C-alpha cells in the first residue's frame, strides 16, 4: 500500500454547550481581535449570544459580519474581507452552516494572500498560511468545520468554484449539538443527506484509504440511526449529538478521500435552479449509487449493512444494490423528491451531462467512469 499523509484539523472541541466556551478557545490561540462571520437569520435569532458573551468574558474584541448569503457570491466574500481589513482582525470565526464557514475561510485566505480570489480555485494553489480560523457549525451536514475546502459562487458566471487547500483547515472546530436543537426539519433533512452523500462517496471512491474508511463507517452508521429521529423530533438531543458527530466524521473523511460523481452531477442542478446543495445531492445519490454498485460491490454491501439493511443470505451483488434502496427509503421518509421537483426538465439533461463530465476532479474520483451518455441516463433515473 502506498504511504499517504492524512491532513486534519488540529483541535476539535465537541460537546453540549461547548460553543459557550469559545472565548477561552480563541484566547488559547493568541487571537485578541476576531471577526465573527454569520448570516442575518442566525444573528437575529440570538443563537450567537452564548458565544459572543464568552468572547466578551475573555476580553476578545470582536465584530460581526452578518450578511452571508446562501451559496455565498464572491462579492459577498469581498464585503466580509473589507470589514476584516478595516477591523484589523487577527482571526476569523465561521458561525453557521457551510455558507458562513466557507465565507469565513475565504476571508481568512485573503488576509494573507493577494487578490483575486479566483486564482486559488483548484487544489493546493494557496501559497501562504491564513490567519487562524475557528468554525462553529449550526447544521449537521457540510463538514466544513473540518474540511480543507471553501466553495464560492462567482458573480460573473453564476457557477461555483472550489478552493481546496490544507491551509483552509480550521485551527479549531467547535462542534456543539445544542445549536442544532431548533434546526427546522427541512434543513435537518437537507444537511443530513449532504453528510450521508459525503460519507458514501468518500467510502466508495478511488481515493479511499483505511483512515478515511474509518471516518466514513462511523458517519454512515450514525446517520442511519439518527437522521430520521432528528427530522421527526428536533429536540432529541441524543439524535442531534449523533448527527453532529456524523457530519464532522464525514468531513474528516473528505479530507483524505473527497467526493465523486453525485456531487459533480448535483452542481449543475444547483447552478441553474439554485437548489439547496443537500437537496440536490440527496436527489441524485440513489441513482448514482445504482450505477456505481457493480464497480465497488464490497463497499456498497457494507454501506447497506451500516444503514440497517438485512443482507444475511444475500450474494455480495444483491447486498450492494440494497445500499441504494436504503438511501431511497431515507429520501422518501424525509420528503426528498426527484430532481424534477426543482425545475429540471428533459431539455436540461444533455447540457447537464456535458457540464458534470467536464468536472474531471470529481468525476475522476468516481469508482466507475461516467460518460456523458451514462450521465443522461442517470439524470433521467433521478427525475
For the range 246-258, which residues satisfy the criterion of being in contact with a helix residue (DSSP H, G or I) (Cβ under 6 Å, 6 or more places away or on another chain) and closer than 19 Å to residue 139 by Cα?
246, 247, 249, 250, 252, 253, 254
Within the range 298-313, which residues are in contact (Cβ under 8 Å) with a residue 12 or more places away in the chain and either in a helix (DSSP H, G or I) or farther than 18 Å from residue 219 by Cβ (or both)?
298, 299, 300, 301, 302, 303, 304, 305, 306
Test result for residue 168, in contact (Cβ under 8 Å) with a residue 24 or more places away in the chain, in contact with a strand residue (DSSP E or B) (Cβ under 7 Å, 6 or more places away or on another chain) and crowded, with 19+ Cβ neighbours inside 10 Å:
yes
Note on the range 268-285: residues in contact with a strand residue (DSSP E or B) (Cβ under 9 Å, 6 or more places away or on another chain) and either within 20 Å of residue 176 (Cα to Cα) or surrounded by fewer than 23 Cβ atoms within 10 Å (Cβ to Cβ) (or both) are 270, 271
Please determine whether any residue of the range 95-102 is out of contact with any strand residue (DSSP E or B) (no Cβ under 6 Å at 6 or more places or on another chain) and surrounded by fewer than 16 Cβ atoms within 10 Å (Cβ to Cβ).
no
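Here is a yes/no grid of residues against (1) within 21 Å of residue 207 (Cα to Cα); (2) in contact (Cβ under 8 Å) with a residue 12 or more places away in the chain:
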| site | (1), (2) |
| --- | --- |
| 318 | no, no |
| 340 | no, yes |
| 348 | no, yes |
| 358 | yes, no |
Subset of the range 75-99 [at negative phi and touching a helix residue (DSSP H, G or I) at 6+ places or on another chain (Cβ under 6 Å)]
77, 80, 81, 84, 92, 94
Counted residues in the range 78-93 being crowded, with 19+ Cβ neighbours inside 10 Å and either out of contact with any strand residue (DSSP E or B) (no Cβ under 6 Å at 6 or more places or on another chain) or part of a strand (DSSP E or B) (or both) come to 4
Leading residue by the ranking (surrounded by the most Cβ atoms within 10 Å (Cβ to Cβ)) among those in the range 320-338 that are assigned to a helix (DSSP H, G or I) and in contact (Cβ under 8 Å) with a residue 60 or more places away in the chain
323
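What number of residues within the range 270-297 are over 17 Å from the mean Cα position of the chain (by Cα) and part of a helix (DSSP H, G or I)?
13
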Any residue that is more than 17 Å from the chain's Cα centre (by Cα) and either assigned to a helix (DSSP H, G or I) or modelled with pLDDT of 95 or more (or both) - is there at least one of those in the range 144-151?
no
Regarding residue 59, is this residue more than 21 Å from the chain's Cα centre (by Cα) and not in a helix (DSSP H, G or I)?
yes
Residue under evaluation residue 102, criteria (1) in contact with a helix residue (DSSP H, G or I) (Cβ under 6 Å, 6 or more places away or on another chain); (2) within 17 Å of residue 126 (Cβ to Cβ); (3) assigned to a helix (DSSP H, G or I), criterion not met
(1)
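The values are calculated or read from the model by the stated rules, or taken from the named source; none is laboratory data. Predicted, not measured: the structure shown is a model, and the values here were computed from it. A quick note on method: Cβ atoms are made from the backbone with ideal geometry, for glycine too, and the neighbour counts reach across all protein chains shown.
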